[in-house]
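**Q** Please find one structure pasted underneath; my questions will follow.
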Amino acid sequence: MAQTVTISEISKYNGQEVTIQGWLYNMRSSGKLRFLLVRDGSATIQCVVFKNDVSEEIFTNVDKLTQESSLRVTGKVAEDKRSPLGYELQVRDVDIVQIAEEYPISLKEHGVDFLMDHRHLWLRSRLQHAVMLVRHEVIRAAREFFDNRGFVLVDSPIFTPNAAEGTTTLFGTDYFGSKAYLTQSGQLYAEASAMAFGKVYCFGPTFRAEKSKTRRHLTEFWMIEPEAAYYDLNDDMKLAEDFVSHLVQSVVKNRRRELETLERDISKLEHIKPPFPRIHYNEAAEMVKKENPEFKVGDDFGGADETIVSEKFDKPVIIHHYPAAIKAFYMKRDPQEPQSALAMDIIAPEGYGEIIGGSQREDDYDTLLQRIKEHNLPEADFKWYLDLRKYGSVPHSGFGLGIERTVGWICGTKHVRETIPYPRLMQRIYP
Ligand code: 4AD
Ligand code: MG
């Protein structure tokens with residue numbers, strides 16, 4: 001009996017006979033040869049069936065195989081310099097598990113709506129598969145980054161009684177007869193956790209009833225949010241640029257093959273290293289005004305405005321000191337310029353837009369209470385949050401990085417819907 005192995009580890013078995021188990025991606029015939037492209041989720045390998053090497057029955061059965069049929073293939077691992085994997089399998093035996101019905105996603109081109117309706121199958125396709133492996137690496141590297149720096153994972157709840165990021169994008173739900181919301185951000189709880197553990201991060205799905213149908217917005221997306229006691233805005237920016245660099249360099253190192261599959265220009269990623277350019281909101285606003293006459297200083301940047309700024313740099317750019325009026329209630333203002341929040345966003349290059357939003361938090365009880373009132377937020381729901389400013393309040397900061405936008409940028413994917421396994425959009429909740 002040959003050993004069962006995964007395709008991605010095939011190089012360890014050069015010259016040996018092994019069994020792989022997977023699905024047929026494609027098949028080519030030429031005389032007495034059949035070339036089966038078999039994928040097992042880890043990678044794809046070409047399996048060469050030579051008529052003289054297998055029984056009559058096996059050779060006839062191979063011709064019955066359809067796209068996505070499941071099968072076990074046994075054969076000898078041989079080097080093949082031309083294939084991306086570097087190896088092929090010289091087949092001795094094929095065990096058919098199931099002959100697949102006619103597969104909807106044939107290897108020709110399909111429209112995006114059709115593909116999205118078949119997302120449960122589309123994930124098997126070469127490019128989608130590569131994007132998901134990059135996503136996996138981004139998440140692995142993100143946890144590694146914080147774990148190595150002494151940040152403790154303390155997750156925030158998903159059902160919440162209050163709004164963290166404005167009341168217009170809340171998803172409400174019934175919670176045993178009272179109203180609850182799906183969280184927009186784990187930040188407020190992460191602040192409480194930081195007062196208990198010093199440096200923390202939370203990581204989970206977050207929800208926003210975004211009515212904008214852009215290529216950057218999902219209604220359900222994953223956010224990783226560090227929060228650290230005694231960090232000011234500068235510490236926060238430093239942490240964020242080190243973090244983004246670590247994510248990009250980890251993918252470049254560990255998922256190069258997938259980036260090549262996606263035809264990503266890797267040289268653009270290789271030099272994503274600290275320091276990132278840092279510019280004041282006012283400076284960014286001047287850049288935008290020159291190219292977008294509609295823009296007024298004081299406005300928030302739209303997607304196109306962010307692109308105007310990011311085009312000027314070949315690294316992510318940090319914009320800081322946004323007007324307090326357009327930012328969240330919890331942000332601390334700069335005592336030197338009270339109209340500005342100690343806020344920062346990181347805008348990815350090449351038009352991928354904002355990937356990080358963060359700030360130093362208001363740590364004074366009275367000021368925070370006043371902001372809660374100004375924003376017409378229900379004071380009672382924030383009692384616990386205000387408590388943090390009563391019992392050993394300290395300067396503290398944090399940020400949130402959107403996994404999908406980051407993966408989209410790293411992969412060079414046009415729309416975030418391809419960066420999450422099962423996207424949720426304003427007009428899509430199936431499959
Ligand atoms: O800038 P945002 O709204 O910041 C916060 O939620 C803070 N409470 C985070 C913190 O300080 N702990 O969102 C952070 C990031 C954005 O930069 C973006 O990458 C992503 O979350 N994001 C979205 N991604 C996909 N679809 C959406 N609708 C998104 N909204 C935000
Ligand atoms: Mg933001």
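**Q** Sorted from largest down, give the three principal axis spans of the alpha carbons of the range 3-98, whole angstrom values.
**A** 31, 25, 24
**Q** A further question follows. Per residue of the range 106-118, what does 6.51 cos²θ - 1.76 cosθ + 1.60 with θ = phi - 60° give for ³J(HN,Hα)? Whole Hz please, x for Gly and Pro, Karplus curve as stated.
**A** 6, 7, 7, 6, 10, x, 5, 5, 4, 5, 5, 5, 10
**Q** Which value, in Å² rounded to 10, gives the accessible area of Lys383 with a 1.4 Å probe and all protein chains present?
**A** 120
**Q** A further question follows. Output the Cα-based Rg and Dmax of the range 41-91 in Å, rounding Rg to one decimal and Dmax to a whole number.
**A** That works out to 11.8, 31 Å for Rg and Dmax.
**Q** Might you work out the accessible area of Lys373 for me, using a 1.4 Å probe with all protein chains in place, and round it to the nearest 10 Å²?
**A** Counting only protein heavy atoms, Lys373 exposes about 110 Å² to solvent.
**Q** Another question about this same structure. Would you pull out the residues with amide H under 5 Å of Ser340's amide H, same chain only if 5 or more places away, H placed 1.01 Å from N?
**A** Ala324, Asp334
**Q** Let me ask something else. Rank by packing, highest mean first: peptides 404-412, 272-280, with packing defined as the count of other Cβ atoms within 10 Å averaged across residues. Each step should come with its number before you reach the end.
**A** Values: 404-412: 25.4, 272-280: 16.2.
Ranking, from highest mean packing down: 404-412, 272-280.
**Q** What would the Debye equation give as log₁₀ I(q)/I(0) for the range 117-419 at q = 0.13 Å⁻¹, counting only Cα atoms as equal point scatterers?
**A** -0.95
**Q** Along the range 281-291, what does the Karplus equation 6.51 cos²θ - 1.76 cosθ + 1.60 (θ = phi - 60°) give for ³J(HN,Hα), rounded to whole Hz, x for Gly and Pro?
**A** So the Karplus estimates, Gly and Pro as x, are 3, 4, 5, 5, 4, 5, 4, 5, 4, 4, 9 Hz.
**Q** In nanometres, what is the gap between the two model label sites at Asp366 and Asp63, each 7 Å from Cα along Cα-to-Cβ?
**A** So the label points at Asp366 and Asp63 sit 9.0 nm apart.
**Q** 5 Å is the cut-off here: which amide hydrogens, built 1.01 Å from N in the peptide plane, fall below it relative to Tyr330, excluding neighbours closer than 5 in sequence?
**A** none
**Q** Same structure, new question: Per-residue counts of other Cβ atoms within 10 Å, averaged by peptide: what ranking do you get for 86-93, 141-148, 244-251, highest first?
**A** Numbers: 86-93: 18.6, 141-148: 16.2, 244-251: 22.1.
Order by mean packing, descending: 244-251, 86-93, 141-148.
**Q** Net charge around Asn14, counting only other residues with Cβ within less than 13 Å of its Cβ (Lys, Arg = +1; Asp, Glu = -1)? Intermediate results must be reported in sequence, preceding the final value.
**A** On the way: positive: Lys12, Lys76, Lys81; negative: Glu9, Glu17, Glu79, Asp80, Glu88.
Its environment carries a net charge of -2.
**Q** Could you tell me the center-to-center distance, by alpha carbons, between the range 310-351 and the range 384-431 in angstrom?
**A** Here the two parts' Cα centres lie 17 Å apart.
**Q** What list of ³J(HN,Hα) couplings, whole Hz, do you get for the range 23-38 from phi and the Karplus terms 6.51, -1.76, 1.60, once you set θ to phi - 60° and write x for glycine and proline?
**A** Those phi angles translate into 9, 7, 8, 6, 9, 10, 10, 7, x, 8, 10, 10, 9, 9, 8, 10 Hz.
**Q** First select every other residue whose beta carbon is under 15 angstrom from the beta carbon of Glu286; then total the charges, Lys and Arg +1, Asp and Glu -1. Please report the intermediate quantities before stating the final value.
**A** Values: positive: Lys289, Lys290, Lys296, Lys312; negative: Glu283, Glu291, Glu294, Asp299, Asp305, Glu306, Glu311.
Once positives and negatives cancel, what remains is -3.
**Q** Right, here's the next one. With all pairs of different alpha carbon atoms counted, what Kirkwood hydrodynamic radius in Å does the range 357-431 show? Please list the in-between numbers first.
**A** Values: mean 1/r = 0.0637 Å⁻¹.
For the range 357-431, inverting the mean 1/r across all distinct Cα pairs yields 15.7 Å.
**Q** Compute the projected area of the convex hull of the Cα atoms of the range 291-431, averaged over all viewing directions, and report it in nm² to one decimal place. Before the final figure, lay out each step's value.
**A** Details: hull surface 45.8 nm².
Averaged projected hull area, Cα only: 11.5 nm².
**Q** Does the range 43-130 come out rounded, prolate or oblate by the C-alpha gyration tensor, with a ≥ b ≥ c the root eigenvalues, rounded set by a/c under 1.5 and, if not, prolate when a/b is larger than b/c and oblate if not?
**A** Details: a/c = 2.91, a/b = 1.55, b/c = 1.87.
Since a/c reaches 1.5 but b/c is at least a/b, the shape of the range 43-130 is classed as oblate.
**Q** Connecting C-alpha atoms closer than 10 Å in a GNM of the chain, tell me which of Glu241, Glu210, Glu354 has the biggest fluctuation.
**A** The residue that fluctuates most here is Glu210.
**Q** If Met195, Met331, Met1 are ordered by their accessible area, calculated over protein heavy atoms with a 1.4 Å probe, which sequence runs from highest to lowest? Numbers along the way, then the final one.
**A** Details: Met195 65, Met331 20, Met1 230 Å².
Of Met195, Met331, Met1, the descending order of accessible area is Met1, Met195, Met331.
**Q** Also, quick follow-up: Around Val91, what is the net charge, scoring Lys/Arg as +1 and Asp/Glu as -1 over all other residues with Cβ under 12 Å from its Cβ?
**A** Numbers: positive: Arg34, Lys51, Arg72, Lys76, Arg92; negative: Glu17, Asp53, Glu88, Asp93, Asp95.
Charge balance in the 12 Å sphere: 0.
**Q** Separate question: Got a number for the accessible area of His110? Probe 1.4 Å, square angstrom, nearest 10.
**A** Its accessible surface works out to 40 Å², give or take rounding.
**Q** Considering only protein heavy atoms, what per residue accessible area in square angstrom results for the range 255-393 with a 1.4 angstrom probe? Present the calculation step by step, with values, prior to reporting the outcome.
**A** Working: 6650 Å² over 139 residues.
For the range 255-393, the solvent-accessible area averages 48 Å² per residue.
**Q** Near the amide H of Ile279, under 5 Å away, which other amide H atoms are found, from residues 5 or more places off or on another chain, if H is placed in the peptide plane?
**A** Counting only residues 5 or more places away or on other chains, the set is Ile318, Ile319, His320.
**Q** Ordering Thr183, Thr367 from largest to smallest accessible area (1.4 angstrom probe), what's the sequence? Please list the in-between numbers first.
**A** Numbers: Thr183 10, Thr367 35 Å².
Ranking Thr183, Thr367 by accessible area, largest first, yields Thr367, Thr183.
**Q** Extent of the range 212-345 along each principal axis, from alpha carbon coordinates, in Å, largest to smallest?
**A** Largest first, the range 212-345 extends 48, 40, 31 Å along its Cα principal axes.
The values are calculated or read from the model by the stated rules, or taken from the named source; none is laboratory data. Worth saying up front: this structure is predicted, and the values here are computed from it rather than measured. Neighbour counts are summed over all protein chains in view; Cβ atoms, including those assigned to glycine, are modelled from backbone coordinates with ideal geometry. Heads up: the accessible areas ignore ligands, DNA and RNA and are worked out on the full protein's heavy atoms, side chains in. Shrake-Rupley method; radii C 1.70, N 1.55, O 1.52, S 1.80 Å.
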